[in-house]
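J.: Got a structure for you, written out below as C-alpha cells; questions coming shortly.
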Amino acid sequence: QQQVKQSPQSLIVQKGGISIINCAYENTAFDYFPWYQQFPGKGPALLIAIRPDVSEKKEGRFTISFNKSAKQFSLHIMDSQPGDSATYFCAAPSNTPLELVFGKGTKLTVNP
Amino acid sequence: DTEVTQTPKHLVMGMTNKKSLKCEQHMGHRAMYWYKQKAKKPPELMFVYSYEKLSINESVPSRFSPECPNSSLLNLHLHALQPEDSALYLCASSQGGVRGSATEAFFGQGTRLTVV
C-alpha cells in the first residue's frame, strides 16, 4: 500500500518568506503528484501538480520540485502571504487505479 | 469550469434518521469519489465510481450507501449513523482512466455532517 510521508506538520513563516513543505512516497507505477490547499471549512483545492518527466514546475509563487530517484517532492511558496495560511496536502497515486493517497497535511501560518 | 457542487452544505441528523448527500459535476468526468475528513486529518477515501460502476469500496460500513444515477451525479445515502460519523464529507471527480489524469481530482466544498 502506497504511503506518503509529509513534513513538517506545522509551519510558521513571516510575510514575504519562503515556505517549504516536503513529501516522500513509496514505489508507484503511476506518475502524478498533486498538491492541495485547504482552508477551514472548505474542500481541498488542487493547487499545482507535477509529472516526473520534469524536475520542477512553477505556477506563480508556487513551485514543485521533484526528485524521482529519492522518491521525494516538495512545495515551495515564494513571497508567502497571510492569505496563503491554510493546510496543504501532498498526494501520490496508489497502486490501485483511481486512488490517491494523501500525506497527513501541513498547517501553514503566515504572519503579517 | 472545474466545479463540483455538493448539497447540503450543513446537515444535522439524529441516529435514527435517513438522509442523503448529493454531488454534481459537469466536467464530463467519469470517475467520482466520496471522501470523509475528520478535523486536522487528510481526506479518507470511502468509495469510487468509475463509469457509473462502483469501483472501490474501502470497507465502509453499510450505514453509508453510495449511488451513481448517471455520469454527473453521485449520492451518499445515510442511515442509522453514529455520532463518530460526524465529519466533513467530500465529493470529488476526475477524468477517469488508469494513468495520469485519473488522479487529477477536483473536490467539492463538502457537507459538514453532525450526528446527534
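J.: Please tell me which of these pairs span more than 18 angstrom C-alpha to C-alpha: A:K5/A:K107; A:K5/A:K104; B:K19/B:K40; A:K57/A:K107; A:K5/B:K40?
T.: In this structure, B:K19/B:K40; A:K57/A:K107 lie more than 18 Å apart at Cα.
J.: Sticking with this structure for a sec: Looking at segment A:1-96, which GluC sites (Glu not before Pro) are DSSP coil and have at most 10 other C-beta atoms within 10 Å of their C-beta?
T.: Hits after loop and neighbour filter: nothing returned.
J.: In the protein assembly as shown, which Cys residues have no partner Cys with a Cβ closer than 4.7 Å?
T.: Those would be B:C68, since no other cysteine Cβ in the protein assembly as shown comes under 4.7 Å of theirs.
J.: Tell me, what does the Kirkwood hydrodynamic radius of chain B come to in angstroms if you use every pair of distinct C-alpha atoms?
T.: 14.1
J.: Please work out the Cα convex hull volume for the protein assembly as shown and give it in Å³ per residue.
T.: Spread over its residues, the Cα hull of the protein assembly as shown gives 118 Å³ apiece.
J.: Right, here's the next one. Going through segment B:34-116, which chymotrypsin sites (Phe, Trp or Tyr not before Pro) have at most 14 other Cβ atoms within 10 Å and a DSSP loop state?
T.: Within segment B:34-116, the qualifying chymotrypsin sites (Phe, Trp or Tyr not before Pro) (loop, at most 14 other Cβ atoms within 10 Å) are B:Y51.
J.: Which percent of the Cα-Cα distances in chain A go past 18 Å?
T.: Within chain A, distances greater than 18 Å cover 45 percent of Cα pairs.
J.: Something else about it: In µm²/s, what is D for segment A:40-104 at 20 °C and 1.002 mPa s, where D = kT/(6 pi eta Rh) by Stokes-Einstein and Rh is the Kirkwood radius from Cα pairs?
T.: Using the Kirkwood radius from Cα pairs, D works out to 160 µm²/s.
J.: Can you bin every Cα-Cα distance in segment B:1-53 into 10 Å intervals starting at zero and give me the percent of pairs per bin, rounded to whole numbers?
T.: In whole percents, the pair-distance histogram is 18, 45, 33, 5.
J.: Oh, and also: Counting only C-alpha contacts under 8 Å and six or more residues apart, can you give the relative contact order of chain A as a whole percent?
T.: Computed over chain A, the figure is 38 percent.
J.: Quick check: pseudo-label points 7 Å beyond the Cα along Cα→Cβ at B:A39 and A:K15, how many nm apart are they?
T.: Roughly 2.9 nm, to one decimal.
J.: In sequence order, what are the phi-derived ³J(HN,Hα) couplings for segment A:68-75 according to the Karplus relation 6.51 cos²θ - 1.76 cosθ + 1.60 with θ = phi - 60°, rounded to whole Hz, with x for glycine and proline?
T.: 5, 5, 8, 6, 9, 8, 9, 10
Values in this text are rule-based calculations from the coordinates and carry no lab data. Not measured: the values here are computed from a predicted model. Cβ coordinates were reconstructed from backbone atoms using ideal geometry, including for glycine residues, and neighbour counts include every protein chain displayed.
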